[in-house]
Amino acid sequence: MMDPCELSPSYVRSIAPYQPGKPISELAREMGLEEAAIVKLASNENPRGIGPRTRAAIEAAIGEVARYPDGNGFELKQKLSARYGVDMGSIVLGNGSNDVLELVASAFLGPGRAAVFSQHCFAVYPLATQSRGARPIVVPAKNYAHDLEAMVKAIDDETYVAWVANPNNPTGTFARHEEIEAFLRRVPERVLVVIDEAYNEYLTPELRSDSFKLVKRHPNLVITRTFSKAYGLAGLRVGYALAHPSVADVMNRVRQPFNVNSVALAAAVAALDDMEFVARSYAENLQGLRQLEESATQLGLDYIPSHGNFLTIRVGKAAEIYRKLLKRGVIVRPVGGGYGLPEHLRVTVGTAAENEKFLAALAASLKE
Ligand SMILES: *Cc1c(COP(=O)(O)O)cnc(C)c1O
């Protein structure tokens with residue numbers, strides 16, 4: 001008898017499943033550990049949780065969950081529009097920014113088309129590309145970073161999307177505003193450029209730029225952001241894209257009508273006002289990043305300088321160290337398989353105490 005899986009198109013069957021960070025509950029079950037004793041630094045979540053306004057908004061929104069959410073996300077779009085000076089018609093909301101990336105793929109990719117992305121890039125780009133039957137064009141990284149020049153050169157007549165993570169995950173590398181502008185000037189108008197700014201709130205002030213302004217000059221530009229990282233809403237799933245209104249329009253046509261739930265919408269609106277929380281997250285993250293960098297150096301380990309809330313450290317036999325860390329109740333992220341960095345581990349910047357626990361476990365695991 002035939003395997004019913006064979007009924008799926010071959011380009012779908014060849015997709016390697018996404019490997020998420022191991023959940024705390026799973027490690028607790030596997031190792032017989034207390035959940036409270038486990039430190040998870042595997043998914044670039046905000047270790048501080050959420051801000052006070054966000055919490056209050058979530059509690060209030062629970063009273064309305066019997067109703068469908070506002071499928072147009074009016075309030076959140078209005079808030080984003082006022083905050084960033086962009087038209088509401090340019091905003092597309094998603095169930096996390098992953099959803100928004102999928103909307104780009106649904107609207108602009110398909111068999112006979114190609115998308116270009118970098119080696120070591122965020123895993124969702126190859127996934128979204130392949131699931132639409134589009135051809136991936138993988139460009140070798142330069143010093144772990146996107147080689148934007150080479151990406152331009154790799155674009156062919158079938159290319160319709162260029163995926164760029166800025167900063168990139170899992171490498172933490174960043175392309176400055178001038179480099180992005182130069183890239184946009186050289187990419188043919190037919191190619192939609194997606195700049196994924198999931199870690200934007202963690203950038204130091206001198207690296208921040210008004211990338212939203214570029215959308216006015218480049219109708220083929222889509223910028224994505226998320227509430228999953230600095231705002232602490234990874235579990236609620238809400239992100240958005242900013243694009244030319246015509247691009248936003250097609251993306252909205254392939255969107256599920258109620259893709260962002262009502263609690264997430266209310267939380268995101270409030271999160272934009274939890275500015276002290278975001279400022280504190282930024283400052284503590286920077287301290288934590290330095291703490292991890294200095295300790296890695298003391299342990300004699302190289303790392304890839306990061307602009308996000310994580311550090312990718314070269315530990316050598318990463319799969320082995322990963323398992324030793326698990327035994328000590330510390331979950332980090334292996335970046336071998338999918339990301340092509342078999343000697344590195346990616347660790348999220350936690351609280352000072354979590355970072356210390358990780359560093360002690362790392363030192364012990366290296367010696368063992
Ligand atoms: C974490 C991350 C996202 C965010 O995903 P959500 O779906 O918004 O949770 C997007 N892009 C990159 C590069 C990321 O690392």
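Here are some notes:
- Residue check for TYR240: closer than 19 Å to ALA105 by Cα, of a type in the set (Phe, Trp, Tyr) and either in contact (Cβ under 8 Å) with a residue 60 or more places away in the chain or not assigned by TED's automatic domain parsing to the domain that holds LEU41 (or both): yes
- Filter result for ALA56 (farther than 30 Å from ASP157 by Cα and not assigned by TED's automatic domain parsing to the domain that holds GLY340): yes
Residues are listed down the side, and each one gets a yes or a no for (1) in contact with a Gly (Cβ under 9 Å, 6 or more places away or on another chain); (2) within 20 Å of GLY338 (Cβ to Cβ); (3) among the aliphatic types (A, V, I, L, M):
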position	(1), (2), (3)
ASP99	yes, yes, no
ALA115	no, yes, yes
PRO126	yes, yes, no
ASP157	no, no, no
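- Of note, PHE258 satisfies the criterion of being open to solvent by 50 Å² or more (accessible area, probe 1.4 Å), touching a residue at least 24 places away in the same chain (Cβ under 8 Å) and in contact with a Gly (Cβ under 8 Å, 6 or more places away or on another chain).
- Test: SER8 is free of Cβ contacts under 8 Å to residues at least 24 places away in the same chain and open to solvent by less than 40 Å² (accessible area, probe 1.4 Å): yes
- No other residue among ARG132, ARG185, ARG176 is charged (D, E, K, R) and closer than 28 Å to SER14 by Cβ apart from ARG132.
- Within region 49-60, at least one residue is under 30 Å from TYR339 (Cβ atoms) and either out of contact with any Gly (no Cβ under 8 Å at 6 or more places or on another chain) or assigned to a loop (DSSP other than H, G, I, E, B) (or both).
- Verdict on LEU236 being open to solvent by 20 Å² or more (accessible area, probe 1.4 Å), within 16 Å of the ligand (Cβ to nearest atom) and among the hydrophobic types (A, V, I, L, M, F, W, C): yes
- Those residues of region 98-114 which are in contact (Cβ under 8 Å) with a residue 40 or more places away in the chain and within 11 Å of the ligand (Cβ to nearest atom), in sequence order: ASN98, ASP99, VAL100, LEU101
- Residue within region 65-73 that is part of a helix (DSSP H, G or I), surrounded by fewer than 18 Cβ atoms within 10 Å (Cβ to Cβ), away from the ligand (no atom under 16 Å from the Cβ) and in contact (Cβ under 8 Å) with a residue 40 or more places away in the chain present: no
- Test for ALA319: is it of a type in the set (A, V, I, L, M, F, W, C), more than 25 Å from ALA165 (Cβ to Cβ) and open to solvent by 40 Å² or more (accessible area, probe 1.4 Å): no
- For GLY89, the criteria (1) within 16 Å of the ligand (Cβ to nearest atom); (2) assigned to a helix (DSSP H, G or I); (3) in contact with a Pro (Cβ under 8 Å, 6 or more places away or on another chain) hold in every case but one, which is (1).
- Checked across region 241-259, the condition of being closer than 30 Å to ARG217 by Cα and within 17 Å of the chain's Cα centre (by Cα) holds for at least one residue.
The values are calculated or read from the model by the stated rules, or taken from the named source; none is laboratory data. Bear in mind the structure is a predicted one, so any value in this text is a computation, not a measurement. Don't worry about glycine lacking a Cβ; one is built from the backbone with ideal geometry, like all the others, and counts go over all protein chains shown. Please note that ligands, DNA and RNA were not included when accessible areas were found on the heavy atoms of the full protein model with its side chains. Shrake-Rupley method; radii C 1.70, N 1.55, O 1.52, S 1.80 Å.
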